1. Taking amide H positions as placed in the peptide plane 1.01 Å from N, state which residues far from B:Q292 in sequence (5 or more) or on other chains have amide H under 5 Å from it.
2. Please identify every one of the GluC sites (Glu not before Pro) in the range B:216-311 that sits in a loop by DSSP and has no more than 14 other beta carbons within 10 Å of its own beta carbon.
3. Let me check against my output: what whole-number percent is the relative contact order of chain B, with C-alpha pairs under 8 Å and at least 6 apart?
4. With unit charges on the beta carbon (Lys/Arg positive, Asp/Glu negative), name the residue among A:Q46, B:V156, C:I130 whose Cα is farthest towards the positive pole of the charge dipole of the protein assembly as shown.
5. At 4 °C and a viscosity of 1.567 mPa s, what translational diffusion coefficient does Stokes-Einstein give for the range C:61-189, taking Rh as the Kirkwood radius over Cα pairs? Give it in µm²/s as a whole number.
6. Using +1 at the Cβ of each Lys and Arg and -1 at the Cβ of each Asp and Glu in chain B, identify which of B:Y224, B:Q105, B:I125 lies farthest towards the dipole's positive end.
7. Please express the shape of the protein assembly as shown as an equivalent ellipsoid: the semi-axes are the square roots of 5 times the eigenvalues of the C-alpha gyration tensor, given largest first in whole angstrom.
8. Which listed residue (C:M151, C:N62, C:G102) has the Cα farthest towards the positive end of the charge dipole for the range C:48-165, taking +1 on Lys and Arg C-beta and -1 on Asp and Glu C-beta about the Cα centre?
Amino acid sequence: MSDSAGARGVRRGRLPPGVLRWAVVLVFSVLLAFPFLWMGITSFKQTTDLYNIKNNPFLFNLPPTLEHLKLLFNETLFLRWLLNTAGAGALVVLITLVLAVPAAYALARLTGRWGQRLGIGIFLTYLIPPTLLFIPMSRVVALLGLQDSLWSIIVVYPTFTLPFSIWLLMAFFKSIPRELEDAAMVDGLTRFGAFLRLVVPISLSGILTVVIFSFTLVTQEFVYALTFISSAKNQTVSVGVPIYLVRGDVYYWGSLMAACLISSLPVAVLYNVFLDRFIAGFTVGAVK
Amino acid sequence: MAIVETKDLTKVFKQGQLGAVNDVNLLTREGEFMVFLGPSGSGKTTLLRMIAGLEEPTRGDVLIGGRVVTRLPPRERRIAMVFQSYALYPHLSVYKNIAFPLRAQKVPKAERGPKVEWAAGLLGIGELLDRKPRELSGGERQRVALARAIVREPSVFLLDEPLSNLDAKLRASAREELTQFHKRIGTTTIYVTHDQVEAMAMGDRIVVLNKGLVRQVGTPREVYDEPADTFVATFLGSPPMNLIDHGDVLVGFRPEHLLPTALIEGPAVAITARVTGVEYLGNERVLYARIQDGRFGDQRLIGRLPSVYRVEVDEGEVVALGVPERNLRFFTKDGGRRTEPRGLAWQ
Amino acid sequence: MAVTRQDRWLGPAMFAPALLYIAGLVGVPLVLAFLYSVGDVTVGSVGYHFVGLANFRSVLQNPAFRGALWHSFVFTIAAQLIVIVGANVLALALRNPFRGRGLVRFLTLLPWVAPISLGAIGWKWILDSIYSVVNWALVSLHLVKPFDTPMWLGEPSLAMISVILVHAWRMLPFSTVILLAGLTAIPRDIPEAAAVDGAGFWRTHFEITLPMMRPIISVALLFGIVFTFTDMTVVYILTRGGPYDSTHVVPSYAFFAGILGGSLAEGAAASIFLVPILVLVAWAMLRVAHRSEVV
């Protein structure tokens with residue numbers, strides 16, 4: 001349809017808005033994405049090239065190398081951390097789904113005014129940060145005997161994936177017309193049956209979005225993992241990489257940057273795919 | 001007050017396809033209320049938007065008051081526009097909504113107040129000045145939109161289906177208000193609608209559009225009584241004009257001219273038909289029938305019989321109907337253009 | 001819509017597990033946080049004694065903590081200012097489709113999607129005292145002398161700026177996405193009406209577009225404030241709170257005192273200082289939500 005330069009009408013004789021926009025886009029893209037480009041370059045530069053301040057850091061003054069990657073995968077616990085994170089993430093997502101999907105449905109459909117209030121209450125718990133709770137939480141974890149174990153974060157992480165997921169799913173369920181379930185109940189299903197056999201299958205894309213975002217939240221978390229888990233082999237990627245890829249005071253920058261890039265990119269790709277749905281859920285919930 | 005003219009105005013959205021608007025040449029009269037009428041997709045809104053400057057033409061020119069404005073932004077064209085949704089600024093009060101165009105055109109502060117009050121007074125919304133748009137009814141919002149449009153004393157008014165968001169009951173009174181408003185103000189107005197009743201009731205002249213082409217320009221009487229082609233003939237009037245295939249030509253006549261022969265005076269064409277349905281609507285009866293026998297049998301007919309005529313017509317009955325000769329219209333079979341009358345040989 | 005008899009207990013039953021989970025694992029620690037802050041708990045201790053406001057007093061007497069409190073505000077406000085302006089500009093640029101917009105979106109989202117700690121460690125390398133690529137570029141452009149390069153993470157005021165910039169870098173994509181949603185929610189004919197009314201780009205943007213986006217800008221701002229104010233990761237990774245405690249913020253201070261230092265009471269008391277801000281933000285969010293429901 002029309003180019004919504006409608007606000008600016010038909011322009012002639014001025015700098016076409018396209019040029020200004022390209023300039024803005026270029027500047028921001030560089031500023032925001034440069035660190036990742038830098039991670040990439042650093043990962044493949046030979047150490048002698050990397051630590052030679054006379055060399056132009058943007059060029060490969062010596063041919064690129066895989067030594068940092070080899071070190072990363074063979075001599076560090078990186079692979080172990082990746083598996084830890086993936087495994088913990090999967091379990092956290094599972095717990096989240098099992099608890100959030102019915103709760104969101106109940107809030108969207110079955111509760112009246114106090115359901116609305118509860119919904120807002122849930123949303124507000126998302127504002128309670130780990131940095132407020134982590135000290136008493138470490139005691140709770142110790143009490144449950146989960147210290148230095150991945151189970152500590154598997155149990156604790158749903159505290160922040162749940163509010164977010166319930167909120168997102170609530171908005172999603174609300175957008176499904178009630179008549180669908182009414183029709184199913186007229187056809188003989190109970191409400192719970194209608195929920196299980198009708199609403200859940202329809203909401204698959206919303207549920208998938210919640211899966212992706214919960215998983216993202218898990219991979220990004222730092223404070224709890226740092227507090228609860230003390231031995232390197234039980235750590236997640238988010239804590240392991242910046243803390244344990246050093247020997248004494250010396251950072252293994254080549255391997256470090258490789259690890260960062262490997263850990264960030266897949267999540268980024270997945271996130272992008274589901275972004276539009278996220279926006280819809282977010283703004284529907286926030287600006288009701 | 002100015003004359004709006006378009007020259008070969010064209011808008012093509014997709015290369016190689018027929019444009020949304022094609023080679024439109026129009027000339028309004030001063031102070032005229034001109035209606036762009038057509039179904040959705042006919043290009044009437046795109047045409048309006050090009051006159052407003054919200055859409056850039058692919059080809060052609062727009063002139064307002066004799067001045068070529070084709071490349072100028074909307075604010076330099078001295079026009080005002082009322083959108084279908086009214087587009088009132090939701091965060092501003094009614095007063096500030098009306099004052100906004102004055103601020104934008106840097107009218108000195110001292111002059112703004114009196115102008116806003118004048119516009120508000122003209123539309124009878126003086127007590128609403130402190131309210132916000134969301135607190136107003138549909139009719140009140142229309143009046144605010146009009147006040148905002150008139151406050152700058154533009155030379156042309158453009159209205160894009162402003163009544164379609166109102167419910168049916170409100171529409172008639174809002175229509176009357178708009179007509180009164182135009183009489184009072186006298187500014188050249190272009191009004192876009194798909195509703196042919198609105199067009200007939202309000203327009204000084206109607207521009208009938210279909211698929212980006214102008215089919216006819218004329219007064220309501222002209223487009224109704226002397227349609228230029230079958231599209232205009234069937235678009236105006238409800239139920240639509242009957243079109244009968246006569247082999248070499250299409251014969252058209254309006255349902256209200258199809259009457260039992262007993263009620264017709266003067267030269268007429270006789271049609272025997274079998275009634276397939278009768279709808280009693282109170283003030284009239286709508287007859288559905290099919291032509292009996294003859295070379296053109298079984299084509300459908302619709303007639304409108306005012307209830308004042310107490311003639312008995314029943315379903316299944318075969319009746320003798322007719323159409324006065326002066327009410328017959330002839331159209332070519334290919335293209336549907338209006339053509340000269342010829343003798344009819346049926347039945 | 002019919003609410004059957006089954007519904008009356010089904011609703012609470014479906015909702016209860018999640019509620020219990022959150023109440024247990026958020027509510028209990030929250031209560032404990034308050035209890036610890038007014039008690040004498042350490043990592044090794046067994047009992048509990050109420051000590052009133054003693055912890056708060058001792059924490060406030062510590063200049064390192066007062067500094068951390070100050071830094072929390074400064075960093076958050078400065079970072080959010082940069083973010084709001086930057087996100088506005090970027091959202092405007094991304095509003096209309098153009099070729100490559102998908103790729104641009106991907107690139108500009110990276111800081112937000114990548115785990116905070118990994119982004120931070122990336123910046124630590126970029127700002128390294130010896131091998132910083134930024135410094136290399138500055139030297140090549142002859143803007144600084146080769147042996148006088150800025151110590152981005154080693155000099156207090158530069159370190160503070162670095163922390164602020166990394167926070168802004170991380171939050172910018174998030175706010176941009178939210179603002180973009182707000183921008184596209186404005187009906188097309190509003191800016192067109194403004195154009196017909198005679199408003200140019202700037203007037204339309206400041207008098208019409210921005211005011212209409214106010215609820216969503218508020219939401220972006222409030223979330224940004226919470227995420228920046230309560231974050232300890234950036235500080236921990238970049239500077240560990242140094243140099244000379246110049247970049248400590250309340251949460252990082254709480255971590256050092258409570259977990260590394262072992263004094264849970266002091267750590268809890270310090271982290272309680274986050275609560276007033278959170279309450280304020282929660283109240284503001286509710287107001288925004290309430291207001292925009294009416295619109």
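Any read-out appearing in this document is the output of simple, stated calculations on the displayed coordinates, not a laboratory observation. It should be emphasised that the depicted structure is a prediction, and the values quoted were computed from it without experimental measurement. With ideal geometry, Cβ positions are generated from the backbone for all residues, glycine too; neighbour counts draw on all protein chains shown.
1. B:T272, B:A273, B:R274, B:D298
2. Sites meeting the loop and neighbour criteria: B:E265.
3. Values: 717 pairs, mean separation 57.1, N = 347.
Answer for chain B is 16 percent.
4. Among A:Q46, B:V156, C:I130, the one farthest towards the positive end of the dipole of the protein assembly as shown is C:I130.
5. So the translational diffusion coefficient is about 77 µm²/s.
6. B:Q105
7. 69, 34, 28
8. Comparing the listed Cα positions along the dipole, C:G102 ranks first.
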